[in-house]
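Trainee: Before anything else, here's the structure in question.
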Amino acid sequence: MKTSDKPREECAVFGAGLTVDEAAGVVYNGLLALQHRGQEGAGIAVAHTNRISCHKDVGLVSEVFSGDAPERLPKGKTAVGHTRYSTTGGNSKENVGPFVTDYLTGRIAVSHNGNITNAKEIREKLGQNGLQFSATSDSEIVSSLIAYCITKEQWTLPGVIKAAGLLKGAFSLAVASGRDKLIAVRDPNGFRPLCLGRNAEGYAVASESCALDVCGFEFVRDVRPGEIILIENGRLTYQEVKLTEKEYGRGLCIFEYVYFARPDSVIDGLSVYDARYNMGVALAEEYPVDADVVCGVPDSGLEAASGYSAKSGIPLMSGFVKNRYIGRSFIYPTQTQRDSAVRQKLNPLAANIRGKRVVLVDDSIVRGTTSEKIVRSLKSAGAKEVHMRVSSPPFRHACHYGTDIDSEENLIANKMSLDEICHAIGADSLGYISIDGLKKSCGKCALPFCSACFTSGCGTARAKKNVLEAVSS
């Protein structure tokens, strides 16, 4: 049963290549900063003395590495970590990254963010060549393909380049080898973010710059689409764009700015905070309304609410108190309790909304179930009117690149008109940001965007290539 009415993203990666044996601790701290990208599993693999040791399990980072577990990780100069939200494969320890794969002359560990659209073809061909799989996620296939190609190429970097050239879809990778090498790869479209940081002890790569900040690394730059970076013994020794075949019309997933990323991150030259603030400004321009207060739905609606307030002149006030201590342990054994789950996490602040006309700003509406409960809770707390404003366009299409969007027949925008959605969620008016307004809000991003979940779908036909011969060549 789907317990959240929000799109969720595949996972996060973090890698450290240092001159000192502190990589495991750095990666642990980096994963804590990236926990928002995946809460179903976590793991860290450490390269040390030509070996790789890995500890991973289902749960939050603090649960997987509870007690003195972080201190018990091996000392090493190179490590990669992963937080997982499952969009392919079930939620089990076997599907949590990093994936460690042995090959003829060594061992690698791979952390992967994204979805591989030709994973089935690669898996079948590798199986024909004698490789066996213990998990059901794309990430294991990526790790096995890299190990296979390293064996063929007889060297780590050429093997990674060969493997990355065979992958289609979304992939940001952090690869550790047992010889103190850290390799970072970003797919040619730049679907998912990946950035590079540096400090006195070496380099780190992360899904978001906020993780570099909290770990004491100076942000250097974003990894370019199609780029491969090699860090050896804490020194950057290779950086080059090697992957150039792109899928027409694709680019960075625009929902990174709408919802996925932390507001203190900068992705491809654009502050996530600024992008969300601009979305609120655009909403105020496109859907003005007479109201008394503007409230954002915590957390990703708060910045857009600030922008709406500033542009409209309507005061910004806190509309909810968020319970931050429920987490994964809160369960809903009956339907009645499931119906009240939203209020358990977001309780309206009646003192700020009673008798008021409220502009409610949220990041998205997927099936409409959560929005209906939030609107109803505000009116139950005394709001006179609730005018819903959404900082993403209506979802109409599924995604094959790592964003977990419900099946198209369950998307409320495919079942109802705007007026019908407004009535279904109980709002007094409803406005979605236009696709042009969204793109304008993110206009300072250095990359083009993939917005196909709003506009045209993410079909995989153009993403596929016959890899059966290519893997063997």
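The values are calculated or read from the model by the stated rules, or taken from the named source; none is laboratory data. All values reported here derive from a predicted model rather than from experimental measurement. Heads up, the Cβs are rebuilt from the backbone with ideal geometry, glycines too, and the neighbour counts pull from every protein chain shown. For accessibility, only protein heavy atoms count, side chains too; no ligands or nucleic acids. Shrake-Rupley method; radii C 1.70, N 1.55, O 1.52, S 1.80 Å.
Trainee: Does E94 meet the test of being surrounded by fewer than 19 Cβ atoms within 10 Å (Cβ to Cβ) and closer than 22 Å to I229 by Cβ?
Mentor: Criteria not met by E94.
Trainee: Take the range 114-131 and flag every residue that is in a loop (DSSP other than H, G, I, E, B) and over 24 Å from A16 (Cβ atoms).
Mentor: Listed by number, the residues that qualify are N115, T117, N118, N129, G130, L131.
Trainee: Consider the range 22-41. How many of its residues are closer than 20 Å to R192 by Cβ and β-branched (V, I, T)?
Mentor: Residues in the range 22-41 being closer than 20 Å to R192 by Cβ and β-branched (V, I, T): 1 in total.
Trainee: Take R224 and tell me if it is assigned to a loop (DSSP other than H, G, I, E, B), within 18 Å of I116 (Cβ to Cβ) and of a type outside the set (F, W, Y).
Mentor: For R224, the condition - assigned to a loop (DSSP other than H, G, I, E, B), within 18 Å of I116 (Cβ to Cβ) and of a type outside the set (F, W, Y) - is not met.
Trainee: Okay, next question. Taking the condition under 30 Å from N189 (Cα atoms), open to solvent by less than 50 Å² (accessible area, probe 1.4 Å) and not aromatic (F, W, Y), does V361 pass?
Mentor: no
Trainee: From F255, F217, F171, grab the single residue that is among the aromatic types (F, W, Y), crowded, with 19+ Cβ neighbours inside 10 Å and within 17 Å of P98 (Cβ to Cβ).
Mentor: On inspection, the qualifying residue turns out to be F171.
Trainee: May I ask you to say which residue of S111, S66, S134, S144 is within 30 Å of L252 (Cα to Cα) and outside any strand (DSSP E or B)?
Mentor: So the residue among S111, S66, S134, S144 that is within 30 Å of L252 (Cα to Cα) and outside any strand (DSSP E or B) is S144.
Trainee: Restricting to the range 262-288, count the residues that are crowded, with 19+ Cβ neighbours inside 10 Å and either modelled with pLDDT under 95 or closer than 17 Å to V358 by Cα (or both).
Mentor: Final tally of qualifying residues: 5.
Trainee: Quick one: in the range 234-251, of everything that is within 10 Å of P188 (Cα to Cα) and touching a strand residue (DSSP E or B) at 6+ places or on another chain (Cβ under 7 Å), which residue is modelled with the lowest pLDDT?
Mentor: If we take residues in the range 234-251 being within 10 Å of P188 (Cα to Cα) and touching a strand residue (DSSP E or B) at 6+ places or on another chain (Cβ under 7 Å), then R250 is modelled with the lowest pLDDT.
Trainee: Residues that are of a type outside the set (A, V, I, L, M, F, W, C), surrounded by 19 or more Cβ atoms within 10 Å (Cβ to Cβ), touching a strand residue (DSSP E or B) at 6+ places or on another chain (Cβ under 6 Å) and over 26 Å from C149 (Cα atoms): does the range 99-117 have at least one?
Mentor: Scanning the range 99-117, I find no residue that is of a type outside the set (A, V, I, L, M, F, W, C), surrounded by 19 or more Cβ atoms within 10 Å (Cβ to Cβ), touching a strand residue (DSSP E or B) at 6+ places or on another chain (Cβ under 6 Å) and over 26 Å from C149 (Cα atoms), so the answer is no.
Trainee: Separate question: Could you tell me which residue of the range 227-261 is farthest from the chain's Cα centre (by Cα), considering only residues that are in a loop (DSSP other than H, G, I, E, B) and over 21 Å from F171 (Cβ atoms)?
Mentor: It comes out as N233.
Trainee: Further question: Taking the range 35-60 on its own, how many of its residues are open to solvent by less than 10 Å² (accessible area, probe 1.4 Å), out of contact with any Cys (no Cβ under 8 Å at 6 or more places or on another chain) and either of a type in the set (D, E) or farther than 22 Å from K75 by Cα (or both)?
Mentor: Total meeting the criteria: 2.
Trainee: When the residues of the range 424-454 are narrowed to those that are among the β-branched types (V, I, T) and assigned to a helix (DSSP H, G or I), which ends up nearest to V386 (Cα to Cα)?
Mentor: I425
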